[in-house]
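Report on the following structure.
The values are calculated or read from the model by the stated rules, or taken from the named source; none is laboratory data. For clarity, every value in this text was computed on a predicted model and none was experimentally measured. Every residue, glycine among them, receives a Cβ derived from its backbone with ideal geometry; neighbour counts consider all protein chains shown.
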Amino acid sequence: MAVNKAPEQRREEIFEAALSCFNRNGYYQTAIDEIAAQAGISKGGIYHHFSSKKELIVELFRNRVNRYFEYLTAELDSRPDAASRLGMLVEKSGEIFMEHEPILRFCLDFVAMSSRDPDFRDEVAAMYRHRVATFAALIQQGIDTGIFKPVEPEGIARALYFLSMGFFLSYFTVPLDFDLQHQHRLNLQTIINGLIKNK
């Protein structure tokens, strides 16, 4: 007897199956039939939720990238000031990265494909703008409350983003002979220390 599932639950199952298939075979080598089989749903069931494989991968990217960043920023408001909030992002980013490696592996492929596909590039650009805006708002808070020096918030926010992307790319592409998480914390903490007055 078929089990009726809520659309959100079914979409999540499709996302999980697609994530596994894309990470195993790559986007272009993965067929909808394979995703359907792994999700335990018919091919038509996939198309009920997504009009194409491309729509599926774009929605998967949005969903997982936003979820990852929500994990990262969930406790920001519990910290008393901008410096401790940025510091918390530094500490949590490496920890959460390791816990969600399959998501980040998928994102690496998506980012690489964005160099050739304008629709994918639009999604990566939207992620970039959101992350920079989030960092810039935190830095501006620190300036407004007198904790940070009067710097250019967006410029520093971009530096934080670029360093984070370097951590992300290095993890998957470089044979490392050092502790990457320690290096990542050192990079970001050096910037934060440079922002704080009297440091």
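How many of the residues making up the range 32-45 are within 23 Å of Asn66 (Cα to Cα) and either in contact with a Gly (Cβ under 9 Å, 6 or more places away or on another chain) or surrounded by fewer than 15 Cβ atoms within 10 Å (Cβ to Cβ) (or both)?
Residues that pass the stated criteria total 1.
Could you tell me which of the residues Leu108, Leu163, Leu104 is over 17 Å from Arg64 (Cα atoms), of a type outside the set (Asp, Glu) and assigned by TED's automatic domain parsing to the domain that holds Thr73? So the residue among Leu108, Leu163, Leu104 that is over 17 Å from Arg64 (Cα atoms), of a type outside the set (Asp, Glu) and assigned by TED's automatic domain parsing to the domain that holds Thr73 is Leu163.
State yes or no: is Ile41 assigned to a loop (DSSP other than H, G, I, E, B) and not assigned by TED's automatic domain parsing to the domain that holds Gln141?
Numbers: assigned to a loop (DSSP other than H, G, I, E, B): yes; not assigned by TED's automatic domain parsing to the domain that holds Gln141: yes.
In short, yes.
Residues that are buried (at least 18 other Cβ atoms within 10 Å of the Cβ) and modelled with pLDDT under 95 are absent from the range 20-31. In the range 20-34, what count of residues is obtained for those that are β-branched (Val, Ile, Thr) and either farther than 16 Å from Ala112 by Cβ or in contact with a Pro (Cβ under 6 Å, 6 or more places away or on another chain) (or both)? The total comes to 1. Total residues in the range 1-10 satisfying the condition of being touching a residue at least 40 places away in the same chain (Cβ under 8 Å) and either within 27 Å of Asp117 (Cα to Cα) or in a loop (DSSP other than H, G, I, E, B) (or both): the figure is 0.
Taking the range 18-30 as the range and being touching a residue at least 12 places away in the same chain (Cβ under 8 Å) and either more than 26 Å from the chain's Cα centre (by Cα) or not in a helix (DSSP H, G or I) (or both) as the test, the residues that pass are Gly26, Tyr27, Thr30. Quick check on Gln189: is it touching a Ser or Thr at 6+ places or on another chain (Cβ under 9 Å) and assigned to a helix (DSSP H, G or I)? No: the conditions fail for Gln189.
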